[in-house]
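Novice: Take this structure first; my questions come after.
Derivation of every value follows stated rules applied to the coordinates shown; laboratory data play no part. Since we're looking at a predicted model, the values are computed, not measured. Cβ coordinates were reconstructed from backbone atoms using ideal geometry, including for glycine residues, and neighbour counts include every protein chain displayed.
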Amino acid sequence: MREIKNMSVLITGGGSGIGEGTARYFAERGARVTITGRRRDKIDAVAASIGPACRAVVGDVTVQADRQAMLAAAVEHGGKLDVLVSNAANMYRQAVDSYTEDFLKEAFNTNVISGMMLSSLAVPLLEPTQGAIIFIGSVHNRRAFPGASPYATTKAAIEGLTRVMAAELGRRKIRVGCIVPGAVNTEINVRAGVFTADQAESRYAGIAKDHALGRIGSVMEIAEGIEYLVRAEWVTGVALEVDGGLGLGVSSF
Ligand SMILES: NC(=O)c1ccc[n+]([C@@H]2O[C@H](COP(=O)([O-])OP(=O)(O)OC[C@H]3O[C@@H](n4cnc5c(N)ncnc54)[C@H](OP(=O)(O)O)[C@@H]3O)[C@@H](O)[C@H]2O)c1
């Protein structure tokens with residue numbers, strides 16, 4: 001297993017939720033962490049509370065110049081690049097009979113194409129370190145949530161991408177993995193305007209029983225899964241469910 005200590009890790013969407021938790025988790029284990037996001041106040045607050053191991057760089061993953069700048073910042077901060085955690089994404093919900101083309105294009109641009117483009121730029125940096133690219137999928141491809149097809153299809157694409165990218169980059173000793181989280185209480189739905197904060201709280205409480213283990217997960221439990229994929233040297237191309245058994249579709253029949 002690889003050691004986390006002294007790794008240089010770039011985490012997109014590190015100003016909140018799973019990205020923030022992953023930044024804390026890796027910094028606590030001795031990594032040099034660079035986080036990005038569009039809201040300066042969010043990423044600066046996370047970096048300030050983590051300390052010198054964490055650097056915050058404002059950036060939008062849909063913008064090529066920003067993608068180049070975030071990778072350059074990670075190399076500057078960590079002296080190299082060992083891991084790209086392509087975590088930034090948004091929730092996109094739209095009913096099938098209300099699809100709009102611009103909305104669907106934005107969903108795929110943000111949730112899929114940005115990670116592909118960032119990975120493309122990262123490959124030459126990850127080759128010398130025999131590094132890893134970690135994507136974040138979703139339980140939306142294990143359980144079907146009506147109204148969420150735009151989001152679910154972007155996350156299905158991420159799983160397909162993981163396999164092909166792993167096959168393609170394996171000979172260059174770059175590993176690629178995907179974590180498939182269950183429900184974790186973050187700001188993703190509130191940020192998208194899908195739920196109010198109160199509605200989100202009650203929805204997360206309501207979905208706890210659908211997990212085989214009877215509760216939703218924490219950002220640190222997702223970070224543990226990411227750590228495994230980063231450290232395990234003979235694992236690539238896998239989608240690892242870290243979902244408390246939500247994806248099992250437990251039935252009481
Ligand atoms: N929470 C769950 O239950 C759950 C379950 C399955 C999968 N996931 C996945 O987990 C990942 C993290 O989500 P989360 O739940 O932690 O939500 P979150 O707290 O909303 O975090 C997402 C982060 O991505 C950033 N972001 C969004 N668009 C961006 C862009 N264009 N450029 C740069 N940064 C951008 C956001 O910051 P800015 O708005 O400041 O840019 C935000 O900090 C996502 O891939 C999500 O799909 C979450």
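Novice: At what distance in nm do the modelled label points of N185 and E159 sit from each other, each positioned 7 Å from its Cα along Cα→Cβ?
Specialist: 2.7
Novice: Name the most mobile residue of T236, T34, T196, meaning the one with the largest mean-square fluctuation, in a Gaussian network model of the chain with Cα contacts below 10 Å.
Specialist: T196
Novice: Mind putting together the pair-distance distribution for segment 44-100? All Cα pairs, 5 Å bins, whole percent per bin, short to long.
Specialist: Computed distribution, short to long bins: 4, 15, 18, 22, 15, 8, 6, 6, 5, 1.
Novice: Please turn the phi angles of segment 117-125 into ³J(HN,Hα) values with the Karplus equation 6.51 cos²θ - 1.76 cosθ + 1.60 (θ = phi - 60°), one per residue in order, whole Hz, x for glycine and proline.
Specialist: 5, 5, 4, 4, 5, 7, 3, x, 7
Novice: Is the shape of segment 86-202 best called rounded, prolate or oblate, per the rule: a/c under 1.5 gives rounded, else a/b larger than b/c gives prolate, else oblate, with a ≥ b ≥ c the square roots of the Cα gyration tensor eigenvalues?
Specialist: On the way: a/c = 2.32, a/b = 1.92, b/c = 1.21.
Prolate is the answer for segment 86-202, as a/c is 1.5 or above and a/b outweighs b/c.
Novice: Using the Kirkwood radius over Cα pairs, work out the Stokes-Einstein diffusion coefficient for segment 180-227 at 4 °C and 1.567 mPa s, in µm²/s as a whole number.
Specialist: Working: Rh = 11.4 Å.
D = 114 µm²/s.
Novice: Additional query: Any of K42/K80; K42/K155; K155/K209; K105/K209; K5/K209 with alpha carbons more than 28 Å apart? Name them for me.
Specialist: Check vs 28 Å cut-off fails for K105/K209; K5/K209.
Novice: Using θ = phi - 60° and the Karplus curve 6.51 cos²θ - 1.76 cosθ + 1.60, what whole-Hz ³J(HN,Hα) does each residue of segment 179-188 get, with Gly and Pro shown as x?
Specialist: Result, rounded to whole Hz: 8, 10, x, x, 7, 10, 6, 10, 8, 4.
Novice: Taking the Cα atoms of the chain alone, what are Rg (to one decimal) and Dmax (as a whole number) in Å?
Specialist: That works out to 17.3, 56 Å for Rg and Dmax.
Novice: Quick one: what do you get for segment 68-146 if you divide its Cα Rg by 2.2 N^0.38 Å?
Specialist: Working: Rg = 15.8 Å, N = 79, 2.2 N^0.38 = 11.6 Å.
Here the answer is 1.37, to two decimals.
Novice: What's the long-distance tail for segment 11-157, i.e. % of Cα pairs beyond 18 Å? Could the numbers behind the result be given before it?
Specialist: Details: 6064 of 10731 pairs.
That fraction is 57 percent.
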